[in-house]
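The structure under discussion appears below in the form of structure tokens.
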Amino acid sequence: MIVVSGLSDQKSHVKALKGGASDFISKPFNEYELKLRVVNQLNIIKAFRLQSHLNAELEKRVHLRTLELEQATEFLINKLAIVAELYDENTGKHILRVGKYSGLLARKCGLNEQVAFMIEKAAPMHDIGKIMISPDILKKPGKLNDDEFTHMKTHVDTVRQLFDDHPSMMIQMARSIAIHHHEKWDGSGYSKGLKGQAIPIEGRIVCIADVFDALTTPRPYKEAWTFDDSIAYLKNQSGIHFDPDLVDIFVASTPEIKAIQEEYKDD
Ligand SMILES: [Fe+2]
Ligand SMILES: [Fe+2]
């Protein structure tokens, strides 16, 4: 808006500009000056619109790139988990079910969706540290001796260096899960022997999901336990191996657990 006025004092100028005018021309005006001022204003508007358009384009591109990166991260995380699982000569869709059980438990215990989503996606990597374990020990058919078990336990520590202090929240979640999934509620777990609430909740959640899935599926050294026997084991170990509140929530989620078992059952 350009104000054209017979008032030529400073106060009127300021009043018009404060009121929203972008320029002020005093009468009598010169035709050439008026045209020039109008052209200037139009140029400013054009430049502003161009800049807005460029910003919107840039935002769109950044959004696309971010999405691409997120998808690539998720893809790589899944592949990494599968590599660890294959190396372990394991168990079909174990890691997928552990992810799903963990996500279910995380949502049901009141964690917000973003955290629950990260736990679900990172849980499949709980044993990623096993890629650093000697295959002879990993694939030994019988029971491990003390030295072998000590070596096996290091699979939670190697992750500390593997994922380091990377700033990605997803990587940090995966790191924490991998480090804490063998801690026990009563402090008798490894690697630090943390107790109760001192164990990060993602570790307590994945611990239940991992053990429950190991019980309900066959392994080279054992038959699959029945659903009821596995739930009974969780209840029996509530407050000893597992967080008792989380066991209660898990046990109360039978329909959802059975739906996950059905959807992700091994071929
Ligand atoms: Fe493990
Ligand atoms: Fe596992």
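Indicate the helices, whole DSSP H runs only, in the chain that combine a mean Kyte-Doolittle hydropathy of 0.5 or more with a Cα extent along their long axis of 18 angstrom or more. Walk me through the numbers before you get to the answer.
On the way: long enough: 31-87 (83 Å, -0.04); 94-108 (21 Å, -0.07); 201-216 (23 Å, 1.16).
Qualifying helices: 201-216.
Once the Cβ-Cβ distance between Q41 and L67 is put in as r, and R0 is 41 Å, what FRET efficiency do you end up with, to the nearest 0.05? Write down the numbers at each step before the final one.
Details: r = 39 Å, r/R0 = 0.95.
Efficiency computed from Cβ-Cβ geometry: 0.55.
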* Ordering of 27-37, 221-231 by burial proxy (mean other Cβ atoms within 10 Å per residue, highest first) -> 221-231, 27-37
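About the Cα centre of segment 2-54, what is the dipole size in debye to 20, counting +1 per Lys and Arg Cβ and -1 per Asp and Glu Cβ, all else neutral?
Numbers: 8 positive and 4 negative charges, 34 e Å.
For this selection, approximately 160 debye.
Can you give the Kirkwood hydrodynamic radius for segment 2-54, in Å, rounded to one decimal and based on Cα pairs?
On the way: mean 1/r = 0.0823 Å⁻¹.
Over segment 2-54, the inverse of the mean reciprocal pair distance is 12.2 Å.
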* Structure fact -> Highest mean packing first, using Cβ neighbours within 10 angstrom, the peptides 64-71, 161-168 sort as 161-168, 64-71
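Quick one: what do you get for the chain if you divide its Cα Rg by 2.2 N^0.38 Å? List each step's numbers first, then the result.
Details: Rg = 31.2 Å, N = 267, 2.2 N^0.38 = 18.4 Å.
For the chain, the normalised Cα radius of gyration comes out at 1.69.
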* To do: Write down the Å³ per residue value for the convex hull defined by the alpha carbon atoms of segment 122-267.
  => 131
* Asked: What span do the alpha-carbon atoms of segment 121-197 cover on each of the three principal axes, reported in whole Å from largest to smallest?
  -> 38, 29, 19
* Show the residues, 5+ positions off or on another chain, whose built amide H is closer than 5 Å to the amide H of F242. => W185
* Asked: When the helix-only estimate is applied to the chain (DSSP H runs of n ≥ 4, each -39,500 (n - 2.57), divided by the residue count), what is the mean residue ellipticity at 222 nm, nearest 500 deg cm²/dmol?
  -> -20000 deg cm²/dmol
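Place a +1 charge on the Cβ of each Lys and Arg in segment 88-263 and a -1 charge on the Cβ of each Asp and Glu, then give the dipole magnitude about the Cα centre in debye, rounded to the nearest 20. Intermediate values should be presented prior to the final figure.
On the way: 21 positive and 26 negative charges, 7 e Å.
So the dipole magnitude of segment 88-263 works out to roughly 40 debye.
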* Counting residues in segment 1-104 as N, plug N into 2.2 N^0.38 Å and put the Cα Rg over that result. => 2.42
* Structure fact -> Taking placed amide H atoms and a strict 5 Å upper bound, the residues 5 or more places from W225 or on another chain that come that close are T216, T217
* Structure fact -> Placing +1 on each Lys and Arg Cβ and -1 on each Asp and Glu Cβ in the chain, then taking the dipole about the Cα centre, the residue among A56, F227, N43 whose Cα reaches farthest towards the positive end is N43
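Here, each number is a calculation from the coordinates, and none is a lab measurement. Since this is a predicted model, take the numbers as computed values, not measurements. Note that we place each Cβ from the backbone using ideal geometry, even for glycine, and neighbour counts take in every protein chain shown.
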